[in-house]
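The values are calculated or read from the model by the stated rules, or taken from the named source; none is laboratory data. Only a predicted model underlies this, so the values are computations on that prediction, with no experimental measurement involved. As a convention, Cβ positions derive from the backbone with ideal geometry for all residues, glycine included, and neighbour counts pool all protein chains shown.
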Amino acid sequence: MPNQIIAFSVPKIGEEQKNNQDRFESSSDGSLTALADGAGSSLYPSKWAEILVQSFCQDLGNPIARIQRSHQEWLKPAQEQWRQYYLAKLTNPNRKWWEVGSQIKDRGSATFIGLSLPTHPDSEAQKWQAVAIGDSCLFKLERNSENLFAFPLNNSGDFKTTTQCFESLPEYSSFSPQFIEGYCNWGDTFLLASDALAHWLLTDYENQSQEWQKIFELKKIEDFRQAIDRLRQNNLIKNDDTTAVLIKPEFDENDTDP
């Protein structure tokens with residue numbers, strides 16, 4: 001049975017959805033889910049973010065194992081895809097001046113979080129794995145618990161104005177990603193969040209408030225949009241593209257005791 005996945009994403013205030021530089025993807029069975037946040041200071045960041053999440057979720061093998069062996073090798077096909085996209089822009093006679101890029105803005109950069117979660121467990125507890133670069137974060141909330149697990153950043157003070165990224169050109173070294181694995185049980189919920197939401201979630205959690213829990217209960221994009229609007233109006237969250245991907249593992253009812 002496919003894992004249950006619900007995704008929400010809203011752009012910065014005043015921006016159209018097409019200008020949202022966050023991208024998310026999941027495999028058809030829900031075993032792989034990924035979120036990438038394109039850096040606005042880079043060239044074609046949303047395209048680079050899109051290529052990254054698709055490369056991860058369309059991998060027929062084990063993408064996390066491949067990234068662990070060599071993230072540089074795993075990135076090469078994605079980097080070539082981005083390069084071809086850029087070259088097509090260069091040869092377009094109708095291109096706009098800014099589409100060529102500049103010495104400063106000559107490549108795409110993006111943070112990334114990818115989650116691998118089996119869909120056919122043979123026991124109640126099942127193993128999950130994750131890979132991350134930068135400040136897009138994974139959260140895990142256990143059933144009937146208020147303890148919030150976060151990766152790769154687990155403190156609101158860890159968020160900086162600049163962050164590590166995967167780069168779209170091999171000429172520029174990408175930072176080494178971080179990895180983690182663990183076990184989940186029936187009723188647990190995972191959340192992938194881009195940096196603005198991730199920072200607020202940890203801040204609210206550290207302040208011992210319970211507002212953060214409402215994000216895990218959302219089911220409609222309009223409710224998500226209203227929640228982010230309220231946080232922005234109260235200056236509690238950065239005005240940035242904001243994305244949340246909720247993943248609820250599905251278990252065989254014969255193997256669990258809900």
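Kindly check whether there is at least one residue in the range 172-186 that is closer than 19 Å to Ala132 by Cβ and charged (D, E, K, R).
yes
Could you tell me which residue of the range 231-258 is modelled with the lowest pLDDT, considering only residues that are touching a Ser or Thr at 6+ places or on another chain (Cβ under 7 Å) and either outside any loop (DSSP other than H, G, I, E, B) or under 15 Å from Asp22 (Cβ atoms) (or both)?
Asp255
Considering Thr203, Thr189, which residue is farther than 21 Å from Gln4 by Cα, over 13 Å from the mean Cα position of the chain (by Cα) and in contact (Cβ under 8 Å) with a residue 12 or more places away in the chain?
After applying the criteria, what remains is Thr203.
Could you tell me whether the range 143-166 includes any residue that is modelled with pLDDT of 95 or more, of a type in the set (A, V, I, L, M, F, W, C), surrounded by 13 or more Cβ atoms within 10 Å (Cβ to Cβ) and part of a helix (DSSP H, G or I)?
No, the range 143-166 contains no residue that is modelled with pLDDT of 95 or more, of a type in the set (A, V, I, L, M, F, W, C), surrounded by 13 or more Cβ atoms within 10 Å (Cβ to Cβ) and part of a helix (DSSP H, G or I).
Look through Ser55, Ser46 and report the one residue that is at pLDDT 95 or above, within 28 Å of Cys184 (Cβ to Cβ) and assigned to a helix (DSSP H, G or I).
Ser55
Quick one: Ser70 ticks every box in (1) of a type outside the set (A, V, I, L, M, F, W, C); (2) at pLDDT 95 or above; (3) in contact with a strand residue (DSSP E or B) (Cβ under 8 Å, 6 or more places away or on another chain); (4) under 22 Å from Glu181 (Cα atoms) except a single one, so which number is it?
Unmet for Ser70, out of (1) of a type outside the set (A, V, I, L, M, F, W, C); (2) at pLDDT 95 or above; (3) in contact with a strand residue (DSSP E or B) (Cβ under 8 Å, 6 or more places away or on another chain); (4) under 22 Å from Glu181 (Cα atoms): (3).
With the checklist (1) in contact with a strand residue (DSSP E or B) (Cβ under 9 Å, 6 or more places away or on another chain); (2) part of a loop (DSSP other than H, G, I, E, B); (3) within 21 Å of Gly14 (Cα to Cα) in hand, flag the one item Ser176 doesn't pass.
Here Ser176 meets the rest and fails (3).
Among residues belonging to the range 179-211 that are in a loop (DSSP other than H, G, I, E, B) and out of contact with any Pro (no Cβ under 8 Å at 6 or more places or on another chain), point out the one that is modelled with the lowest pLDDT.
Asn185
Would you say Gln58 is closer than 22 Å to Ser109 by Cα and either in contact with a strand residue (DSSP E or B) (Cβ under 8 Å, 6 or more places away or on another chain) or not hydrophobic (A, V, I, L, M, F, W, C) (or both)?
So Gln58 passes the test.
Among the residues of the range 1-19, which ones are surrounded by fewer than 21 Cβ atoms within 10 Å (Cβ to Cβ) and part of a loop (DSSP other than H, G, I, E, B)?
Met1, Pro2, Pro11, Lys12, Ile13, Gly14, Glu15, Glu16 - these are the residues of the range 1-19 that are surrounded by fewer than 21 Cβ atoms within 10 Å (Cβ to Cβ) and part of a loop (DSSP other than H, G, I, E, B).
Only one of Ser31, Ser55, Ser42 is free of Cβ contacts under 8 Å to residues at least 40 places away in the same chain and surrounded by 14 or more Cβ atoms within 10 Å (Cβ to Cβ); which?
Ser55
Select, from Lys214, Lys219, the only residue that is part of a loop (DSSP other than H, G, I, E, B) and under 29 Å from Pro118 (Cβ atoms).
So the residue among Lys214, Lys219 that is part of a loop (DSSP other than H, G, I, E, B) and under 29 Å from Pro118 (Cβ atoms) is Lys219.
Which numbered condition in (1) over 19 Å from Ser31 (Cα atoms); (2) buried (at least 18 other Cβ atoms within 10 Å of the Cβ); (3) touching a residue at least 40 places away in the same chain (Cβ under 8 Å); (4) not aliphatic (A, V, I, L, M) is the only one that Trp128 fails?
(1)
Could you list, ordered by first residue, the pairs with Cβ atoms under 8 Å in which the first is in the range 87-107 and surrounded by 13 or more Cβ atoms within 10 Å (Cβ to Cβ) and at pLDDT 70 or above and the second is β-branched (Val, Ile, Thr) and outside any helix (DSSP H, G or I), at least 6 apart or interchain?
Partner pairs satisfying both residue conditions: none exist.
Looking at Lys76, is it touching a residue at least 24 places away in the same chain (Cβ under 8 Å), surrounded by fewer than 21 Cβ atoms within 10 Å (Cβ to Cβ), among the basic types (Lys, Arg) and farther than 24 Å from Leu153 by Cα?
Against the criterion (touching a residue at least 24 places away in the same chain (Cβ under 8 Å), surrounded by fewer than 21 Cβ atoms within 10 Å (Cβ to Cβ), among the basic types (Lys, Arg) and farther than 24 Å from Leu153 by Cα), Lys76 qualifies.
Output yes when any residue across the range 117-127 is outside any helix (DSSP H, G or I) and modelled with pLDDT of 95 or more, and no when none is.
no
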